[in-house]
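Contents: one structure, followed by commentary.
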């Protein structure tokens, strides 16, 4: 059995930001209700994940020597 392998074309941060933007646009076109609220919530979660990824990969956060 062989693994499916692929090359990353964009960083995780870029992907999360693009997903958040896509979800926001979809929420704008959705009618008010539960579906719209879920889309907004998922967009906020993607933003939070993007900020956490940025924070974790920052040069100020290093393991003790």
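Bear in mind that the values in this text are calculations on the coordinates, not laboratory data. In this text the structure is predicted, and so the values were computed from the model without any measurement.
Points worth noting:
- Degrees, to the nearest 10: 34-56 long Cα axis against longest axis of the chain: 20 degrees
- For the residues 53, 35, 45, a GNM of the chain with alpha-carbon springs under 10 Å puts the largest fluctuation on 35.
- Against the main long axis of the alpha-carbon atoms of the chain, helix 12-29 sits at an angle near 0°.
- Two-decimal Rg/Rh across the chain, once Rg and the Kirkwood Rh are taken from alpha-carbon atoms: 1.16
- Ellipticity estimate at 222 nm from DSSP helix runs (n ≥ 4, -39,500 (n - 2.57)) divided over the chain, nearest 500: -22000 deg cm²/dmol
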